[in-house]
Amino acid sequence: MANAKRVAILATHGYEQSELLEPRRRLKEAGFEVEVISPEKGEIRGWNEKDWGDSVAVDRVLGDANADDYDALVLPGGVINPDNLRTEADAVAFVQAFDRAGKPLAAICHGPWLLVEAGVVKGRQVTSYQSIRTDMQNAGGDWRDAGVVTDGHLITSRKPDDIPAFTDAVIRALG
């Protein structure tokens, strides 16, 4: 797998469990190397629908991660996870680096909050969890109610039910 394309999943405590674990599993099954990147060392704990869920190991601390080392970035949702990440300057810069490079940049559910903070939504077709629709529109996004919306290298989805279509769009974008 030394020549496999590499995918970063940026997350912190409170990520929606299914939105990290399922895309990671599917991307690995498709032959990609996948790393969980986080501002924290060790493990981060997921949110499983209505309560705290399982933890996942952090593969690389955000301060040691470089967007040049990855072919795509996936941003899982959950309310807590992206709300905390969007206050982290390094996380915002990491997202912006993928956007500037034109690399696949994929966010699901509340994950697009980080896209808003990074200033990459304006003038693009996007979707998200319904409750942040106004935030997406206020940021200049052309919000659509669809399972997956792809605008160039930007891929967005609404909710856990969209994970198969979301992950398939990421795999297609990686070629």
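Convex hull of alpha carbon positions in the range 1-95: directionally averaged projected area 5.6 nm².
Under a Cβ-Cβ cut-off of 11 Å, what is the net charge of the residues other than Pro164 that fall near it, where Lys and Arg count +1 and Asp and Glu count -1? Could the numbers behind the result be given before it?
Details: positive: Arg26; negative: Glu22, Asp161, Asp162, Asp168.
Local charge sum for Pro164: -3.
Packing, taken as the mean count of other beta carbons within 10 Å per residue, orders the peptides 135-146, 43-54 from highest to lowest as 135-146, 43-54. The tail of the calculated P(r) for the range 37-83 beyond 12 Å holds 69 percent of all Cα-Cα pairs. Counted over all Cα-Cα pairs of the chain, pairs farther apart than 25 Å make up 21 percent.
The range 75-175: Rg/Rh from Cα coordinates, Kirkwood Rh?
Details: Rg = 11.9 Å, Rh = 13.0 Å.
Here Rg/Rh amounts to 0.92.
Computed over protein heavy atoms with a 1.4 Å probe, the carbon and sulfur contribution to the accessible area of the range 30-175 reaches 40%. Farthest toward the positive end of the dipole of the chain, out of Val7, Ala169, Thr134, is the Cα of Ala169, where the dipole comes from beta carbon charges about the Cα centre. In a Debye calculation with equal point scatterers on the alpha-carbon sites of the range 1-47 and no solvent, what is log10 I(q)/I(0) at q = 0.18, 0.23, 0.31 Å⁻¹? Here the Debye-derived log intensity ratios amount to -0.55, -0.82, -1.14.
Summing Cβ point charges (Lys, Arg +1; Asp, Glu -1) relative to the Cα centre of the chain gives a dipole of roughly 380 debye. Note on the chain: helix-only mean residue ellipticity at 222 nm, from DSSP H runs of 4+ residues weighted -39500 (n - 2.57) and normalised by residue number, equals -9500 deg cm²/dmol.
The values are calculated or read from the model by the stated rules, or taken from the named source; none is laboratory data. Everything numeric in this text was worked out from a predicted model, so none of it was measured. Please note: Cβ atoms are built from the backbone with ideal geometry, for glycine as well, and neighbour counts cover all protein chains shown. Calculation scope for accessible area: heavy atoms of the full protein, side chains included, ligands and nucleic acids excluded. Shrake-Rupley method; radii C 1.70, N 1.55, O 1.52, S 1.80 Å.
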